[in-house]
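Take a look at the structure set out below.
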Amino acid sequence: MLSEYDLDADAGQCGRRPQLLDLRIGRAHYEFALNSAQWREYRVGPIRHDGGHVHDVYHMVLFTEGNNSFWIDSQRRDSYPGLMVLTHPGRIHDFAPMLAGETTYHHITFTLRGRGGRSLKLDFPSLLSAYTGMRLEAAPTVFDMDAESRAGFASAVRRLTDPIARRERADLFVQTCVLKALMIVARSLQPAPKPSSGESMEDAVATARAALDDRLDQSLSVAALAREAHVTSEHFCRMFKRRTGQSPKEYRQRARIEKALSLLEHSDLRCKEIAARVGFADVCCFSKAFKKLMGYSPSSVRRT
């Protein structure tokens, strides 16, 4: 129960002054200690994985650059910019890139230890509930963060890597930065306010379509759209396809190609510039997607 968790108001049994992020669960006191903080850790794969590793450390990892894969819960997961991963003591993981290519991420790791060095084993959503008072016990631990949350988390990590903070990891400044990061993660997981009774599924789909149309050049995940509609990702995809005849991915691809066709016909922009405007990483990917949907190449539009 949430009422069993308290920020430690009396850490005398632990033999030191209570710290901001110390935690009390029942009669047990747990002392917070920052383990590491890294802003823009850069790694190049492939790096061999031996089934991941386990230790008594909490991780917050935000991938910022590169598309690759990592190891979590004895399986491979895709990594990409904006993906947040939370791990707790006892959870198998390895964030080293499994595929050829580069990846960059911010991360914070910390421990909570009680009497005799015993580590707290609380899962990360329950830990967030303990610190914030939000009901997050059933929240996911691998999820997409929006741009504002990513920027806030990155700012907290960067402050933690300040040379002064490195010399005094247990001070109030360091724990305030970690608490800020925890709050940002918790708010990202908190369900959006319930819609008014007059807001229907039709409204939710219309809102999602407008977001997809307006942000063709930006990363926009199904998970983020589903949260705005107050439903699961699976239900959102079914609901969207039922009302549009297309999946969100298919709708977004068609919207990008139709916008590109309009620019080809009514502007002097080069194909490379058009590709970037509608969200393609390079002109080759754009040309393949365009031809697959339209049946002819984008360059042929300019020749007619």
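Pairs are defined by a Cβ separation below 7 Å, a sequence spacing of at least 6 or placement on different chains, a first member in segment 149-175 that is over 18 Å from residue 41 (Cβ atoms), and a second member that is in a helix (DSSP H, G or I) and modelled with pLDDT under 70; the pairs so defined are 173/165; 174/165.
Take the residues in segment 85-103 that are part of a strand (DSSP E or B) and modelled with pLDDT under 95; name whichever of them is farthest from residue 120 (Cα to Cα).
Filtering segment 85-103 for residues that are part of a strand (DSSP E or B) and modelled with pLDDT under 95, the one farthest from residue 120 (Cα to Cα) comes out as 101.
Could you tell me how many of the residues in segment 206-223 are among the acidic types (Asp, Glu) and either without any contact (Cβ under 8 Å) to a residue 24 or more places away in the chain or not in a helix (DSSP H, G or I) (or both)?
Of the residues in that region, 2 qualify.
Within segment 122-153, can you find the residues that are of a type in the set (Lys, Arg) and either buried (at least 17 other Cβ atoms within 10 Å of the Cβ) or in contact with a Gly (Cβ under 6 Å, 6 or more places away or on another chain) (or both)? Answer for segment 122-153, where residues must be of a type in the set (Lys, Arg) and either buried (at least 17 other Cβ atoms within 10 Å of the Cβ) or in contact with a Gly (Cβ under 6 Å, 6 or more places away or on another chain) (or both): just 150. Scanning segment 262-304 for residues that are in contact (Cβ under 8 Å) with a residue 12 or more places away in the chain and in a helix (DSSP H, G or I) yields a count of 19.
Entry remark, segment 74-84: residues being at pLDDT below 90 and either buried (at least 18 other Cβ atoms within 10 Å of the Cβ) or out of contact with any strand residue (DSSP E or B) (no Cβ under 7 Å at 6 or more places or on another chain) (or both) number 2 in total.
Is at least one residue of segment 41-56 of a type outside the set (Lys, Arg), touching a helix residue (DSSP H, G or I) at 6+ places or on another chain (Cβ under 8 Å), buried (at least 17 other Cβ atoms within 10 Å of the Cβ) and outside any helix (DSSP H, G or I)?
No, segment 41-56 contains no residue that is of a type outside the set (Lys, Arg), touching a helix residue (DSSP H, G or I) at 6+ places or on another chain (Cβ under 8 Å), buried (at least 17 other Cβ atoms within 10 Å of the Cβ) and outside any helix (DSSP H, G or I).
Among the candidates 226, 255, which residue alone is in a helix (DSSP H, G or I), in the same structural domain as residue 292 (by TED's automatic domain parsing), modelled with pLDDT of 90 or more and crowded, with 18+ Cβ neighbours inside 10 Å? Quick ask: steps written out before the conclusion?
Details: 226 fails: modelled with pLDDT of 90 or more.
On inspection, the qualifying residue turns out to be 255.
Filtering segment 1-40 to residues that are of a type in the set (Phe, Trp, Tyr) and at pLDDT 55 or above leaves 30, 32, 39.
Exactly one of these conditions fails for residue 64: (1) modelled with pLDDT under 90; (2) not in a loop (DSSP other than H, G, I, E, B). Give me its number. With respect to (1) modelled with pLDDT under 90; (2) not in a loop (DSSP other than H, G, I, E, B), residue 64 is out only on (1). Taken over segment 234-251, the residue count meeting the criterion of being crowded, with 18+ Cβ neighbours inside 10 Å and either more than 14 Å from residue 202 (Cβ to Cβ) or not assigned by TED's automatic domain parsing to the domain that holds residue 213 (or both) is 2.
The values are calculated or read from the model by the stated rules, or taken from the named source; none is laboratory data. Model, not experiment: these values are computed from the prediction. For neighbour counting, all protein chains shown are included, and Cβ atoms are generated from backbone atoms with ideal geometry for every residue, glycine included.
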